[in-house]
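Please read the structure below before turning to the comments.
A short reminder: the numbers here are calculations on the coordinates, not readings from a lab. All values reported here derive from a predicted model rather than from experimental measurement. A quick note on method: Cβ atoms are made from the backbone with ideal geometry, for glycine too, and the neighbour counts reach across all protein chains shown.
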Amino acid sequence: MGTENPNRANNLQGPSATPFAAPRANMPISSSHPMVGSQTSAFRPTSVPAMPNASPFSSPGPTAGSGTPGFRPMQPGRATPSYGPPTTGPPQRVPAPQFSSTSQPTPSQTSHVGQPILPPSMRPPPPSYVPSVPMGSPPQSLYNAPSSNNPPRSFVDSPYSASGPNIQPPPSSTRPTYPGYPGMQSNQVNPPPPPPPVYNQGGYAPSQPPMPAPFSSHQGGYGQVPPVAPSSGMYGGGSAPPTGVMSGLAEDFCSLSLGSAPGSFDGGLDAKALPRPLDGDVEPSSFAGMYPMNCDSRYLRLTTSAIPNSQSLVSRWQLPLGAVVCPLAETPEGEEVPVVNFATMGIVRCRRCRTYVNPYVTFTDGGRKWRCNICALLNDVQNDYFAHLDATGKRVDLDQHPELTKGSVEFVAPAEYMVRPPMPPLYFFMIDVSISAVKSGMLEVMAQTIKSCLDNLPGSPRTQIGFITFDSTIHFYNMKSSLTQPQMMVVSDLDDVFVPLPDDLLVNLSESRPVVEAFLDSLPSMFQDNVNVESAFGPALKAAFMVMSQLGGKLLIFQSTLPSLGVGRLKLRGDDLRVYGTDKEHTLRIPEDPFYKQMAADFTKFQVAVNIYAFSDKYTDIASLGTLAKYTGGQVYHYPSFHSTIHKDRLRHELARDLTRETAWEAVMRIRCGKGVRFTSYHGNFMLRSTDLIALPAVDCDKAYAMQFALEETLLTTQIVYFQVALLYTASCGERRIRVHTAAASVVTDLGEMYRQADTGAVVSLLSRLAIEKSLSYKLEDARNAVQLKIVKALKEYRKLYSVQHRVGGRMIYPESLKYLPLYGLSICKSTALRGGYADAQLDERCAAGFTMMALPVKKMLKLLYPSLLRVDEYLVKAPTVDDEFDRVCRRLPLAAESLDSRGIYILDDGFRIVVWFGRMLSPDLARNLVEEDSATDFARNQTRRTTSGRVLSTLKFS
Amino acid sequence: MVKLTMIARVTDGLPLAEGLDDGRDMQDAELYKQQVKALFKNLSRGQNEASRMSVETGPYVFHYIIEGRVCYLTMCDRAYPKKLAFQYLEDLMNEFERGYGNQIETAARPYAFIKFDTFIQRTKKLYQDTRTQRNISKLNDELYEVHQIMTRNVQEVLGVGEKLDQVSQMSSRLTSESRVYADKARDLNRQALIKKWAPVAIVLGVVILLFWARKKIY
């Protein structure tokens, strides 16, 4: 410092600190900008990655490095002030000066130091890189340093280390480290061939519009990663661009060559380079990383965990802005949600917005008040809840209050949260016993499955159970515990259905167990010779409603023909090819008869959830039947052309899971969010009770709900937006509970940040729900186009952010976080619910898939969209020894034709069914070992065969 | 015939169990449930400590037993024999004490013993029909006396609380008003004092001043 020229010093430091960009030849240098030092994490969010200006840097950056005395003075100023600029500070990463050590230092450069050549006005603060200048050392030392290959240090880089020599080298190892040196003039002249290392320029003044910058280096991104924004972690991983120019783009985003790259021979794209989600769903780490007290992402996922601060950002983001909530997601062993009982104190909630107390509320006034994090109201702390604050403002009893440390908790609901005593779990079965149900074997499989599940029904000993069967008449069963055999009562008056018995149609399972078992045993044989083809579905539904309306519960409907009698009868539709492609096409996918929607509304009101199991080989109008499930929080299971030998295992598995999984009853859910943000639409299977109260007669871990939100004001003033999901439900054990998930997300001003923190899973989930909803009122094609358009627009917007600074012509660029988005977009368009036209999927299958996808949690949705494909023949031949070896030997393969070898056996698993694919050239020995002798030969002819069971699976212990 | 059955802890009115699907076929079940809750609240305040009582409400009667800090209450038609109703409650009581007697004090959440509803359900059925042999023999059983059980009206019972509330309100108002009165009186006293002595004090002051001034001048 002693050598410094005072004038110079002033110059440089003038505006709070001058950042110097001394980088490469083409780097613009702007000094005299206040934005110095912005590496600090705080700025990161605000940084606009756009490239600032058009000011090419005529003189090579290294000037700074030239060791001019003038330069050095900056150091001190720099080190500290770097944090200074509050919001404007660009988090820049400073590019390491890359100069070859051999280059001659030209002292002449010094003149440039500090004074940007570019007109400062246009230029946002340039990357603040200052080549490292060892402090206080004579110029020589400067030179020495380079020769020793010391990585140059930038002040910016290590704002904390005051002295030059300590400065840390730029982290990225890939970068050539050149001593920060002048003498780069030559660089200017040089053609870019040595691809300029990319610098990510993290930050600029947020307000700066991106301007075309002639240089290709992207500054910014390495070095100290600010804790808030996981920046460096998210880069990388992209496929390395083949051409030199691109090398290093991976730092900031991924790119994919779509056209032929200059200098390479192969035109078109390389299929191997396409990103594929072979590891399944990857949850964004930023969500939990930034706010460790957030609930786990299995409960709540935001499409981007960076909330835009203005309407204009929202509109530029293009993708849906929303959340996917799975309130009861299965927790891994040992991670149960803690239960909090406030007992007589009552649950602590905000007086105004009714937010539940959560880890983000702040206690003030010595612990006597708490400030609601959502509406900022100051609430009084009740006496029973009072605790002193320690020096850091935290409650001293924090460790005894999981609700103040965990993002997910369950409160025991006091009596005010009950309109009636907790209901018992209730299962009511409405079974079609017409000829097709008997013939397909459905009746038998179903009866066996239910019987085997009786022990595992949740809620014993309170569980209630009941049955109705129907064909052209309705049959009720008296299962009074004192009987030995159930009594059957037949009601044939379909116009005016009545319940023949006040009690005992719905019985306590533990008391009437023998009767129920006797009934299930005799059910298949009872209707063995039934030749009735009619189906009085509507009247039976009404009867079930009358029986259940007292308690609510779950209604499981087994239907194998088109409802043909009484109210709610449906007619064949959808077989008219001409409707497809016209504006009337969508009417096939919505219920025809308002009866179903009306019934669904009534069911919801009385806390009944309806699950539909449809088995027909012919048209059954799932669109209408599914409406019952859609509005009651239920689910549709569809087994086209059910045949017990083929579909037995699937039905057994799904029915058993439906009956035995932990279920929450008579639930309502609400999601709250901070001021300035508002939830606008909800997507999933449920009924909205008021504008934002989701009524869910039954919920379980396999149901997720998506919602979109919008900004209420044009500009968000808060730094953080909080979300809180509250689900009030009755557990099967008879406890009334409130499950609360709280999450925080930071508000950003930078579009690039939004993309970086995007969550593909949530985006895909929301996109597919929107597409399916769209297919209910528009043509399929429109729905598909909408998905594609959204993705294209988003990528285009993203490209705009970067294309100006990198020559990315002919390449597609995308953020690392969304690298699978295009693929999943394609999968959505190819999913059963949306693909093709008339011939590509049966109407029923299409509707059933639509209903299913509307309810799926993110992970299952992704698996359905992009199933896993495994090659198993090698594994089978090798004689399995250890169980876990399976995972090692069998890797997920890309879903491409190239992955299939005609000599192999493959398993495709989409979470609902397993397809075993036998290659045409499969070795006969293997085939014979797996299947019976005779059918082994068949495989030669039918190379594809679907099966859901078989020895293959049992051998593999495939889950 | 039994319409409603509820079991609550007397100390704080916390509901412990309730009959399943109670209130079926009743138009205004909610109203009566509200009344029951109000009744429990009254009980928790220590009123109506009679351990057995019948309370008339509309076309129905509440019968309740308080035993071991738990209140067993049922609502029946007026025509339903009181004797049977109390026997029903005793049955519940015996079973409940046997099953949950030691956990009653520690129950922290409402309906902590909701599992008891299956027993309630079962027992209720036994008492549903007054003409079964079993019930008739119970009715004729002279050993069980219910004559001395008091019958009151629900308005009266719930009204007691209200009236007491009123009285305590009035008395508290009286207290605060008398305090205000005392303050005022003290204030007036002071004023009177001032009025009385102020002229004298002024005259004295003037005289002293004069004396002092004269001394200074001369």
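In table form, for the structure just shown:
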{"quantity": "Calculated diffusion of the range A:716-836, Stokes-Einstein form, Kirkwood radius summed over Cα pairs, 37 °C and 0.692 mPa s, µm²/s", "calculated": "191"}
{"quantity": "Long pairs among A:Lys554/B:Lys3; A:Lys480/A:Lys605; A:Lys605/B:Lys41; A:Lys571/A:Lys597, criterion Cα-Cα beyond 24 Å", "calculated": "A:Lys554/B:Lys3; A:Lys480/A:Lys605; A:Lys605/B:Lys41"}
{"quantity": "Centroid-to-centroid separation of the range A:727-759 and the range A:332-407 [C-alpha atoms, Å]", "calculated": "18"}
{"quantity": "Global form of the range B:77-128, assessed from the alpha-carbon gyration tensor, a/c cut-off 1.5", "calculated": "prolate"}
{"quantity": "Cross-link partners of A:Lys439 among lysines (Cα-Cα below 21 Å; sequence separation of 8 or more within a chain)", "calculated": "A:Lys451, A:Lys618, A:Lys648"}
{"quantity": "Radius 14 Å from Cβ of A:Val433, net charge of other residues (Lys, Arg +1; Asp, Glu -1)", "calculated": "-4"}
{"quantity": "Helix runs (DSSP H) in chain B reaching 24 Å along axis by Cα, Kyte-Doolittle at least 0.0", "calculated": "B:154-217"}
{"quantity": "Most fluctuating residue given options B:Gly205, B:Gly68, B:Gly19, as computed from a GNM of chain B linking Cα atoms under 10 Å", "calculated": "B:Gly205"}
{"quantity": "Residue of B:Asp28, B:Asp77, B:Asp129 that the Gaussian network model of chain B assigns the largest fluctuation, springs spanning Cα pairs under 10 Å", "calculated": "B:Asp28"}
{"quantity": "Average partner coverage of B:102-114, which counts Cβ from other chains inside 10 Å", "calculated": "4"}
{"quantity": "Neighbour-count ranking [beta-carbon atoms within 10 angstrom, fewest first] of B:Leu31, A:Leu922, B:Leu39", "calculated": "B:Leu31, A:Leu922, B:Leu39"}
{"quantity": "Average partner coverage of A:508-520, which counts Cβ from other chains inside 10 Å", "calculated": "1"}
{"quantity": "The range A:545-556 - phi-based ³J(HN,Hα) in whole Hz, Karplus 6.51/-1.76/1.60, Gly and Pro as x", "calculated": "4, 5, 5, 8, 4, 5, 10, x, x, 10, 10, 9"}
{"quantity": "Summed residue charge, Cβ within 14 Å of A:Gln598's Cβ, Lys/Arg positive, Asp/Glu negative", "calculated": "+1"}
{"quantity": "Size of the range A:426-481 as Cα extents on the principal axes (Å, biggest first)", "calculated": "35, 21, 16"}
{"quantity": "Positive minus negative residues near A:Arg903 (Lys, Arg vs Asp, Glu; Cβ under 11 Å)", "calculated": "-1"}
{"quantity": "Sequence-distant residues sharing a close amide H with A:Trp917 (under 5 Å, placed H)", "calculated": "A:Tyr906, A:Ile907, A:Leu908"}
{"quantity": "Order of A:Cys847, A:Cys701 under a 10 Å beta carbon neighbour criterion, fewest first", "calculated": "A:Cys701, A:Cys847"}
{"quantity": "Karplus-derived HN-Hα couplings along the range A:713-724 (A = 6.51, B = -1.76, C = 1.60, θ = phi - 60°), whole Hz, x at Gly and Pro", "calculated": "10, 6, 9, 8, 9, 7, 8, 9, 10, 10, 10, 9"}
{"quantity": "For residues of A:417-424, the mean tally of beta carbons on other chains within 10 Å", "calculated": "6"}
{"quantity": "Residues A:Trp665, B:Trp212, A:Trp370 arranged by fewest to most Cβ contacts within 10 Å", "calculated": "B:Trp212, A:Trp370, A:Trp665"}
{"quantity": "Under the Karplus curve 6.51 cos²θ - 1.76 cosθ + 1.60, θ = phi - 60°, whole-Hz ³J(HN,Hα) for the range A:627-636, x wherever Gly or Pro sits", "calculated": "4, 4, 6, 4, 8, 10, x, x, 8, 10"}
{"quantity": "Tensor-based shape of the range A:513-614 (alpha-carbon gyration tensor, a/c under 1.5 rounded, otherwise prolate or oblate)", "calculated": "oblate"}
{"quantity": "Amide H within-cut-off set for A:Arg672, under 5 Å, with H built and near neighbours excluded", "calculated": "A:Gln724, A:Val725, A:Ala726"}
{"quantity": "Cα shape, the range A:555-633, gyration tensor, a/c 1.5 rule", "calculated": "prolate"}
{"quantity": "Protection-proxy order for peptides B:96-109, A:463-476, each taking the mean of Cβ atoms within 10 Å per residue, highest first", "calculated": "A:463-476, B:96-109"}
{"quantity": "Between the range B:200-215 and the range A:634-677, the Cα center-to-center distance that results, in Å", "calculated": "102"}
